[in-house]
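The structure under discussion appears below in the form of structure tokens.
The values are calculated or read from the model by the stated rules, or taken from the named source; none is laboratory data. What you see is a predicted model; the values in this text were computed from it and never measured. Glycine also receives a Cβ, built like all others from the backbone with ideal geometry; neighbour counts cover every protein chain displayed. Quick note on the areas: whole protein, heavy atoms, side chains included, nothing else; ligands and nucleic acids left out. Shrake-Rupley method; radii C 1.70, N 1.55, O 1.52, S 1.80 Å.
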Amino acid sequence: MGRFLRKLLPFGVYTGFDSDNSSGDFSEANHKVPEMLDLDPHQSKRTGKHNGETEIQENGIKRHRTSLPAPMFSRSDFSVWSILKKCIGLELSKITMPIVFNEPLSFLQRITEYMEHIYLINRACSHADPLERMQAVAAFAVSAVASQWERTGKPFNPLLGETYELTREDLGFRFISEQVSHHPPISAFYSEGLNKDFVFHGSIYPKLKFWGKSIEAEPRGTITLELLKHNEAYTWTNPTCCVHNVIIGKLWLEQYGVVEIVNHSTGDKCVLNFKPCGLFGKELHRVEGYIQDKHRKKLCVIYGKWTECLWCTDPTTYETYKKSEKRGGEQKKNKPDVDMEIIKSENDEADDMPEVQDTVHFIPGSKLLWRINCRPPNSSQMYNFTSFAVSLNELEKGMEAILAPTDCRLRPDIRNMENGNMDVASKEKERLEEKQRAARKERAKDEVEWHTRWFHQGTNPYTGTSDWLYSGGYFDRNFSDCPDIY
């Protein structure tokens, strides 16, 4: 099977961007300060291309590209207000945005970024202790939103029937997703370990709303992780994401809301509170929560930032530290009062990103669960992509004969935007949208219903709620009945 996959999928290769010491051994000493990682651990042996294209090492292992073909297009000359001013309080999925506000990835590819920290799933599979498994799953749930940090570009809305696949033999998984509904937009995905150790699946319906100075993406849909060796299933829903200053000022992003991760086998639950920014920015990006057993006894406390790292400690140590911190804070109350009304007025004026951003204070004895990957040095010119994200739209020679004709990599608008051809990309985006509208009208005229290829609507076996489930068969590679959407 491994030889068969390698023959079909020559693009399952290294990123050269290590997943936070995937061996699972952590210490405070070697995780204090994030540093730029060497993108090539085999630099002395490397040969081949050096311009960001795929490289081949002497040992025969290929690496993904480390940069995009063209730098990010400037948005400084464009105003989103002329489009959004009539949409306050409305749902935005039906509104066409100028391509300059996009990033050259489909939302299906954005979903695939959940897998960037797959080593946390592998760690959960390897632990015998259910508490340690829940800690790893909680870290994975937080890491899944970390790639959105400073990513203010909008991914392309997938076309109905659009798909995306990714097989990574080096990381031990394969992934398939499909746009199963256009109105409302629903994306379904399924991933499995190549060693048959886990299954990760779900369906996502992001509800977008414009509130005058910000755009809010409310998550809809259930995410499910099954650890097959332990006969366990975990479910959760992502936090709400909000982009501020869409009219004027510097764009900034925050995540907020309560995420509950439930182990349906043991009854254990992890409750994570993604805290809103607050007036002074003290809570910006903070995550705090706890793991409790089925009797609601707290087993450990989790704290950190979704943009940095996540730690855990026992509840007694945490409470002792908090009491000590509170006593220290009371000593500062003798400082002159600040005019809260003035600060609130200034903050409301431009919805600026708060300048006060406290770091997470390390509590002695805490265990590091996860730390964010460092981004490549040219990330700001690449839509703030991570190294994993940079590789997602890579199209190597010979891949077109292997991929489904509906794969995101074959979308001409995304491809042209990635290559810096903005005018062509904009025209292609309009053409594809018009083609999709025409196909929908034709189906309505002929009274023909749309049928999904790889997923079907059903019931999540653990939550009992409506979900889109993988029908199987994609990796048999019979794509004869795929629709012509491009």
Starting from the 7 Å offset along Cα-to-Cβ, what nm value, one decimal, do you get for the label separation of LEU228 and HIS264?
1.7 nm
Selection from ASN273, GLN292, LEU253, by position along the positive dipole direction of the range 242-295 (Cβ):
LEU253
Reduced Cα scattering model of the range 96-157, Debye log10 I(q)/I(0), q = 0.12, 0.22, 0.29 Å⁻¹
-0.40, -0.84, -1.14
Calculate what fraction, in whole %, of the accessible area of the range 213-279 sits on carbon and sulfur atoms when a 1.4 Å probe is rolled over the protein chains.
54 percent
R0 = 30 Å: FRET efficiency of SER74 with CYS482, Cβ-based, nearest 0.05?
0.25
Selection from ALA128, PHE175, VAL142 lying farthest towards where the dipole of the range 123-217 points positive, charges on Cβ
VAL142
Among LYS269/LYS298; LYS154/LYS213; LYS282/LYS323; LYS229/LYS298; LYS269/LYS297; LYS213/LYS250, which pairs are too far apart, with a Cα-Cα distance over 20 Å?
LYS229/LYS298
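Multiply the residue separation of ASP314 and LYS282 by 0.36 nm, subtract the distance between their alpha-carbon atoms, and state the gained length in nm to one decimal.
Difference between extended and current length: 9.2 nm.
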